[in-house]
């Protein structure tokens, strides 16, 4: 092993020492919390003494409680001394670190002076001896720290056990008393119980705060919760109490999406559907949701309500100077939207298309910075800033590096990558245009592309700098953490796996509803699916297909590729027609989705919504939403289609043959399958609940960290 390797090992060990130091600091913080709790206990005991005339029977018990608290204080003091000793050990470790730094400086000096091989060998042996001594001392120091930490944890456990006994005693004393005539001691005991839950980390700091306020206000619903929870286990008691806070807790979040697409006004793929669907679902849950978009020249302006320009242009930095941006506001499907129109000579968003320009990296890094400037200058204080795909991935590093210091510091950043095929990589020098420090960001643990050290990767930057990272299905989240699926980002995703989660997208069940769809020939629902037959006839007529023998499965498509490849006068033209798509969903009996790669997929959900049974390959989001009818390992209530694994003709044909067999030989079973699929809830509600939970946990952690 070379000297540099040994020094590297030593640095790792020093890093472990720093982590030990951090653990000691955490113990210090816990000690501070315990001292605060003890002070509160003393105040509550004093309040109980003032009411001695009314609760004389509790006087002696309060005295006992006070003595127990004093005993706990003594134990806490002992634990504090032990923590102080641990700090001394850490300080000694810091001295060792300084010595190691000096050794490293000596090594650099030796290399600079090009010492002879003999001297280098002697120096190497000396360094190895010193490093060995340091290793031994570090090991002893770590053992001492572990001993002190264990002692402190034991003291903490004794304290928590005592608090638990106090809570049980308080519950026994309150048992059987009238709800309407509770003495002050009753409320004090409730406060002790809440404090115990908080110290045991069974409730959050915000929940504890709300419960304390309700107890001090002597609210009747707290008494009701107490009485209704008698005889229940502690988990159920806590749930009962927290239910009373639902109308009191400030759980309403302010969420701002910064995105390049939003259906139906600016949509290329599924990203636009997600932004609109998720935003509407969160809005229905009572949250304030806003969206920031570029103002494209090709948007569906007819679908924007009350569009107007604000008489307050926003200036944003780019390429070394400030540019003005006109800000437009409007409403899309009930959602408030801000549109940014840059006054830039390159006319970034006046190109006749959303993507596909040579300067896309500059276009969207400009937009990302302008969007944050809008939030800053408008005085917004969002709880969550949610950015999507590489086009707005710049938001995450820009926020933390440039805008938090300016005062835009209330938000947690959520980043969703809808497809890891597109990562927004560019020469590192291009990053300077939006104001990010190229030298600072072009590093392996930041935005440097994993495959080229002279390039930056905007998606990687968002993964590193965001508090929450999501993708569009649980299976896809697993696939991209592998070498095959990660497209070079698997190492980054694995190192940030604790904040990375896959959430299956939903669909807009208002837009995709066969019972109300104006684009189908005959509307129908799961209770009456006869309309599918009429829609099938309408589709055949629309496409000029024969209506003879409509029950014969269409298999000719298998040869269509070879026929069109050699046909002199024919070509296969592919396009997306919204009206035709609705009619195809309504008319089809089966919907084939043979994707080799599919992060989420919406077609299988829409197909089932319209009673078209999916035949899909088990990949990405298809694997999370289509479950094989013939798979006995899957609960029968979840089986909803036909699947295959290998991406080849044999796999597809096998699944298709099985589907046709069920269709022809079990018409009643097929009808029941159609009705079951139509009743599956693929709305955004459940997915939005997962996002809501992630948002609230991230915001809660931030508030807990910043509490006084």
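Where residues in the stretch 677-708 are in contact with a helix residue (DSSP H, G or I) (Cβ under 8 Å, 6 or more places away or on another chain) and more than 30 Å from residue 466 (Cβ to Cβ), which of them is surrounded by the most Cβ atoms within 10 Å (Cβ to Cβ)? So the residue we want is 677.
Scanning the stretch 373-393 for residues that are in a helix (DSSP H, G or I) and within 20 Å of the chain's Cα centre (by Cα) returns 390, 391, 392. With respect to the stated conditions, residue 327 is crowded, with 20+ Cβ neighbours inside 10 Å, more than 25 Å from the chain's Cα centre (by Cα) and assigned by TED's automatic domain parsing to the domain that holds residue 696.
Okay, residues lined up against (1) under 30 Å from residue 610 (Cβ atoms); (2) surrounded by fewer than 21 Cβ atoms within 10 Å (Cβ to Cβ); (3) under 15 Å from the mean Cα position of the chain (by Cα):
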position	(1), (2), (3)
436	no, no, no
462	no, no, yes
484	no, yes, no
513	yes, yes, no
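The set of residues in the stretch 435-451 being in a loop (DSSP other than H, G, I, E, B) and either modelled with pLDDT under 95 or more than 28 Å from residue 697 (Cβ to Cβ) (or both) consists of 435, 436, 437, 442, 443, 444, 449, 450, 451.
Regarding residue 409, is this residue assigned to a loop (DSSP other than H, G, I, E, B) and farther than 29 Å from residue 288 by Cβ? Here the answer is no, as residue 409 does not meet what is asked.
The single condition from (1) within 16 Å of residue 371 (Cα to Cα); (2) at pLDDT 95 or above that residue 312 fails is (2). Taking each residue of the stretch 275-290 that is in contact (Cβ under 8 Å) with a residue 12 or more places away in the chain and at negative phi and looking for partners that are assigned to a helix (DSSP H, G or I) and surrounded by fewer than 21 Cβ atoms within 10 Å (Cβ to Cβ) with beta-carbon atoms closer than 6 Å, six or more apart or interchain, yields 281/685; 289/283. Within the stretch 639-651, restricting attention to residues that are within 19 Å of residue 662 (Cα to Cα) and modelled with pLDDT under 95, which residue is surrounded by the most Cβ atoms within 10 Å (Cβ to Cβ)? So the residue we want is 651. In this structure, is residue 4 exposed (fewer than 14 other Cβ atoms within 10 Å of the Cβ) and over 21 Å from residue 97 (Cβ atoms)? Against the criterion (exposed (fewer than 14 other Cβ atoms within 10 Å of the Cβ) and over 21 Å from residue 97 (Cβ atoms)), residue 4 does not qualify.
When the stretch 247-280 is filtered for residues that are under 25 Å from residue 578 (Cβ atoms) and assigned to a strand (DSSP E or B), the ones remaining, listed by number, are 257, 262, 266.
May I ask you to verify whether residue 506 is surrounded by fewer than 21 Cβ atoms within 10 Å (Cβ to Cβ) and part of a loop (DSSP other than H, G, I, E, B)? No; evaluated as a whole, the condition is false for this residue.
Among the candidates 477, 432, 515, the residue that is closer than 25 Å to residue 280 by Cβ, assigned to a helix (DSSP H, G or I), free of Cβ contacts under 8 Å to residues at least 60 places away in the same chain and not assigned by TED's automatic domain parsing to the domain that holds residue 610 is uniquely 477.
Taken over the stretch 485-501, the residue count meeting the criterion of being under 15 Å from residue 422 (Cα atoms) and part of a loop (DSSP other than H, G, I, E, B) is 5. Apart from one condition, residue 358 fits all of (1) part of a helix (DSSP H, G or I); (2) farther than 24 Å from residue 502 by Cβ; the exception is (1).
Would you confirm, using the coordinates I've provided, whether residue 472 is in contact with a strand residue (DSSP E or B) (Cβ under 8 Å, 6 or more places away or on another chain) and surrounded by fewer than 16 Cβ atoms within 10 Å (Cβ to Cβ)? It is false that residue 472 is in contact with a strand residue (DSSP E or B) (Cβ under 8 Å, 6 or more places away or on another chain) and surrounded by fewer than 16 Cβ atoms within 10 Å (Cβ to Cβ). Every condition in (1) over 29 Å from residue 433 (Cβ atoms); (2) more than 20 Å from the chain's Cα centre (by Cα); (3) buried (at least 22 other Cβ atoms within 10 Å of the Cβ) is met by residue 300 except one, and the failing one is (3). Specify the residue that is farthest from the chain's Cα centre (by Cα); the eligible residues are those in the stretch 281-297 that are crowded, with 20+ Cβ neighbours inside 10 Å and in a helix (DSSP H, G or I). This residue is 281. So for the stretch 438-445 (the condition being without any contact (Cβ under 8 Å) to a residue 24 or more places away in the chain, surrounded by fewer than 18 Cβ atoms within 10 Å (Cβ to Cβ) and closer than 30 Å to residue 617 by Cβ), does at least one residue qualify? The answer is no, given that none of the residues of the stretch 438-445 is without any contact (Cβ under 8 Å) to a residue 24 or more places away in the chain, surrounded by fewer than 18 Cβ atoms within 10 Å (Cβ to Cβ) and closer than 30 Å to residue 617 by Cβ.
The values are calculated or read from the model by the stated rules, or taken from the named source; none is laboratory data. From a predicted model like this one, the values you see are computed outputs, not experimental measurements. A quick note on method: Cβ atoms are made from the backbone with ideal geometry, for glycine too, and the neighbour counts reach across all protein chains shown.
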